[in-house]
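Just so you know, all these numbers are worked out from the coordinates, no wet-lab data involved. Just so it is clear, the structure is predicted and the values come from calculations on it, not from any experiment. Counting neighbours? That spans all protein chains shown, and the Cβs are built from the backbone with ideal geometry, glycine included.
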Amino acid sequence: MESEKSLSYYFNEAESLNSTNFKNKIKIALLSSFTINGLSEVLKVKCTKKNIDSKIYVGGYNQYNQEIINNDSELYAFKPDITFLLIDIRNMLGNLFFFPYSISDTERKIFVNQKLSEIMNLITSYQKNSSSKLIISNFNIPTNSPFGIAESQDQFGFHEMIQTFNLKLQENLLHLDSVYLYDFDQFVRKFGENNIFNYRNFFFGDVKIELNCLPYLGNEFFSYIIAHLGLSKKCIVLDLDNTLWGGIIGEDGFDGIHLGLTPPGNVFHEFQSHLKSLSDRGIILAINSKNNFNDAIRVIREHPHMVLKENDFACMIINWENKVDNMKAISNQLNIGLDSIVFFDDDPVNREFMRKNLPEVTTPELSSDSSELSKTLLEMNEFSTFKITDDDLQRSKTYSEQKKRIELEKTTTNLDDFLNSLDIKLIIKRATSFTIPRISQLTLKTNQFNLTTKRYQEKKIKEFVKSSDMLVGCVQVEDKFGDNGITGVYVINKDNPKEWELDTFLLSCRVMGREIEKGIMSHIINIAKKNNVERIKAKYVPTEKNQPIEKFLKSCNFEKIDDYWIFQLNKSFKNPYFLKLTIE
Amino acid sequence: MSSKLYSIIAKVMKVPIDSITDQSTPQSIPNWTSFVGYVLLNELETQFNVKFTIDEVIDVKNISDIKRHLKNHGVNSNE
C-alpha cells in the first residue's frame, strides 16, 4: 500500500486548489449506502493533476434510492457525466447478513433474484432520467460465515449467494449501454478485508472503507474518468538495457544479459509478457534506446527468451541521439501525440530529462528494484478503456503492416505511384451495433485529423442513428498489406435539406497521408447531390493538433465564408483514382 | 511542548498552530467536523503508532482528552 498518498494529503491539496479552466471537464456524482467522505477530495485532486476540471456531487448519506427514483432530485439537476454507485453488502442483505440460514436455500435463491431485480429497476430509472454513465459496484464477499468451516457444505450458502448475485449483475449489465460494473469485491480482495474494514470506525461513523484505502479506491474510479474523457494512453515506449532485459548489451554481450526463466532474467521475461498482452489488446509498443543498433537488434531477433518480437514494435529507434529527440521522432512516425505516450526507462536521469523536456509524455517513476517493473505496469490506470474493440485487438498487426508500407514508400519515388501500388479499398459502412462502439471510440480518441473534436459516447451515436436529421457513417480501409479496420467517421446534420453540415469528420492518424479523407468526402458529396442538397458546410474548430483539417478543406475547394467552410455542390469533386470505394 | 501533536492538529484542521490550546474543542476549531475528526484520528494513529479504542474516540471532547488517551498508550505528547 505504499504507492498512494494519504487521505490527509488529498485533503490539504483539495483545499489549496485554484479554479482552473482546462479543456477537459467532467461532472462526477458519487452515490453510496455508507460514508464515503474524502473520496470527492481524492478525485478532485487527481483530476486537477491531469488537467481535468471536475465538479463533484456527493449524494446524501444512504439516499441513493430516493435520489434516483425522484426525478426532481438534486442528483438529476446536477446532470452528471459519470456516476458511481457503491452499495455495501450489509445494506443489500439486511438481517440476512447475520442470519442467512434462517431461510431455506430455495428462499435464498428467490431473495437474490428479488434483490437483483430491485437493482436493475433502479438502473432503469436512472437511465430514463439521466444520460450519465453509471458505474455500479458489486458486493464484497465477507470472509466470515455463521456456518464457519461448514460454509461450503450447504446448498447455495451465504458466500455462494453473494457470488451468484455478483455474476448475475455482471451478466445483466452486459446488455446495457453506459452501465458498467465496478468490481468492489476485487478491490477488497486486493487490500484484504481486515485492511479495508475497521469495526471501530464502522460503529462510530458507518465508515466501511478505511481512510487510508480511500485514495486507492479513488484511483480505481479515476480509471473510468480517463476512459470517459478519451484520455487513455495509446503507446508504451521502452528503453532496452535494464528495462526489457537485465544488464547492458554493449558491455555484457549477447550471452551476458539477463533474460530467461530463472532469476534474475525472469523479472524481464515476465515484464515482456505483460507488455505483450497489452500489445495484444491494442497498446502500441516502441523502442527508444541508446545502443549500437546491431547489438540490440540481434537480441530482439535471436535471443531465445525475447517474448517481444521485432513485429511487436511499431517503431524502433536505437541510436546514440538524445532520447527526447528520439521520442519526438517516434511520435511523428506513429502519428500519435506525445500526450498519448508512456515512457519506461530504468535510468532516473533519462526519466528526469524526459519529464523536463517533454512533460506531455507520461514517465512513471520506477523502483531501483527491477522486480517491481511488472507491478508498476499493471497498476497504471492510464490504459483504461470501457470496451476493447475488434480494432484494438488488430492494432499491433496493423502497425506492423504499416512498417511495411513505410518501407515500400521509401523505395517508391512518386507519391501517386506509391498510393496506387497499395491497392487501397474504402468500405463505407453504416452505424450499426457492430460499428457504433468503434465510431464512439474514434470520436473520443482522434485529435489530429478531426474537424470539430466533438466527443461522443455510444449512447449519443445511437440517438443520431435514430434521428432523421442526422447521418452517421464510418469507413474501413484495406490495402494490399492488410486491413486497417474502421478508421474514418462522419456525422452529418441534415436538418436543413439544402445545406448539410459536417458535425464530425475524422480520420485515424493510422491512415493519414493516403488521401482517404478525399475518398470519404467524395462519398459524402455524392450522397448530398443525390439528395438535391445545394451546399455542404463545415465549421472547423481549431485545436492545438488539428491543423491538417484546414489544409484539407482548402484542397477540397471549400471556401471560407465567415465562420464556415462551404462547398457548393454544383462544383465537381473527384475521388482520387487510386482509391476503390464500396458502399455496404 | 506538545509540538508534534499540535502541528498534526494544525495541519489536519488547517488552523495556525498558535491558535490551538489544550482546551480547543470541535466548537472552537471551525474545520473540526466529524469526518475531519476521523482524518485527525487516522493521522495521530499513524504518526504515534497507536490504536485508540472506540471508548477513547467517543470520549474526545477537547485536545487535552487526546493527550490523556495518547498517554494511556504510552505517548507523552507534552514532551
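Summary table
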{"item": "Span-rule helices in chain B, defined as complete DSSP H runs reaching 30 Å or more along the axis (Cα) with Kyte mean at least 1.0", "result": "none"}
{"item": "Placed amide H near A:ASN484: partners under 5 Å, 5+ positions off or other chain", "result": "A:VAL477, A:GLU478, A:ASP479"}
{"item": "Percentage relative contact order, the stretch A:1-155, counting C-alpha pairs under 8 Å, at least six apart", "result": "24"}
{"item": "Dipole magnitude of the stretch A:410-583 about its Cα centre (Cβ charges: Lys, Arg +1; Asp, Glu -1), debye to nearest 20", "result": "280"}
{"item": "Whichever aspartates and glutamates have a C-alpha closer than 14 Å to that of A:LYS309, once near sequence neighbours (fewer than 8 apart) are set aside", "result": "A:ASP280"}
{"item": "Relative contact order %, chain A, counting alpha carbon pairs below 8 Å whose residues are six or more apart", "result": "10"}
{"item": "Once the Cα gyration tensor of the stretch A:498-584 is diagonalised, semi-axes √(5λ) in Å", "result": "19, 19, 11"}
{"item": "Average partner coverage of A:8-16, which counts Cβ from other chains inside 10 Å", "result": "3"}
{"item": "Set of aspartates and glutamates near A:LYS46 by C-alpha distance (under 15 Å), chain-local residues within fewer than 8 positions excluded", "result": "A:GLU4, A:GLU13, A:GLU15, A:GLU220, A:GLU382"}
{"item": "0 to 90° range, to nearest 10: angle between helix A:436-445 axis and chain A longest Cα axis", "result": "80"}
{"item": "For the stretch A:7-228, the Rg and Dmax computed from alpha carbons only, in angstrom", "result": "18.1, 59"}
{"item": "Candidates per trypsin sites (Lys or Arg not before Pro) in the stretch A:1-64, loop by DSSP, up to 15 other Cβ within 10 Å", "result": "A:LYS5, A:LYS23"}
{"item": "Average beta-carbon neighbours from other chains, 10 Å sphere, peptide B:34-40", "result": "5"}
{"item": "Mean ellipticity per residue at 222 nm, deg cm²/dmol - from DSSP H runs of n ≥ 4 across chain A, formula -39500 (n - 2.57)", "result": "-12500 deg cm²/dmol"}
{"item": "Angstrom value of the Kirkwood radius, inverse mean 1/r, which spans all Cα pairs in the stretch A:450-491", "result": "11.9"}
{"item": "The stretch A:410-583 - Debye-derived log10 I(q)/I(0), Cα point model, q = 0.13, 0.16 Å⁻¹", "result": "-0.62, -0.96"}
{"item": "Between helix A:516-530 and chain A: long-axis angle, C-alpha atoms, 0 to 90°, nearest 10", "result": "90"}
{"item": "Convex hull of Cα atoms in the stretch B:3-72, direction-averaged projection (nm²)", "result": "4.1"}
{"item": "Counted charge near A:CYS474, where neighbours are those whose Cβ lies closer than 9 Å (Asp, Glu -1; Lys, Arg +1)", "result": "+3"}
{"item": "Cα long-axis angle, helix A:293-302 against chain A (0 to 90 degrees, to the nearest 10)", "result": "60"}
{"item": "Chymotrypsin sites (Phe, Trp or Tyr not before Pro) within the stretch A:188-294, DSSP loop, no more than 13 other Cβ atoms inside 10 Å", "result": "A:PHE254"}
{"item": "Long pairs among A:LYS429/A:LYS518; A:LYS25/A:LYS518; A:LYS50/A:LYS233; A:LYS356/B:LYS11; A:LYS498/A:LYS539; A:LYS498/A:LYS571, criterion Cα-Cα beyond 21 Å", "result": "A:LYS25/A:LYS518; A:LYS356/B:LYS11"}
{"item": "Projected area averaged over orientations for chain A, convex hull of C-alpha atoms, nm²", "result": "31.1"}
{"item": "Karplus (6.51, -1.76, 1.60) ³J(HN,Hα), θ = phi - 60°, over the stretch A:556-567, in Hz, Gly and Pro reported as x", "result": "8, 6, 6, 10, 8, 10, 6, 7, 10, 9, 10, 10"}
{"item": "Given charges at beta-carbon only (K, R positive; D, E negative), |dipole| of chain A in Debye", "result": "2320"}
{"item": "Translational diffusion of the stretch A:235-378, µm² s⁻¹ [Kirkwood Rh, Cα pairs; Stokes-Einstein; 25 °C; 0.890 mPa s]", "result": "163"}
{"item": "The stretch A:407-532, relative contact order in percent, only Cα pairs under 8 angstrom and at least six apart counted", "result": "24"}
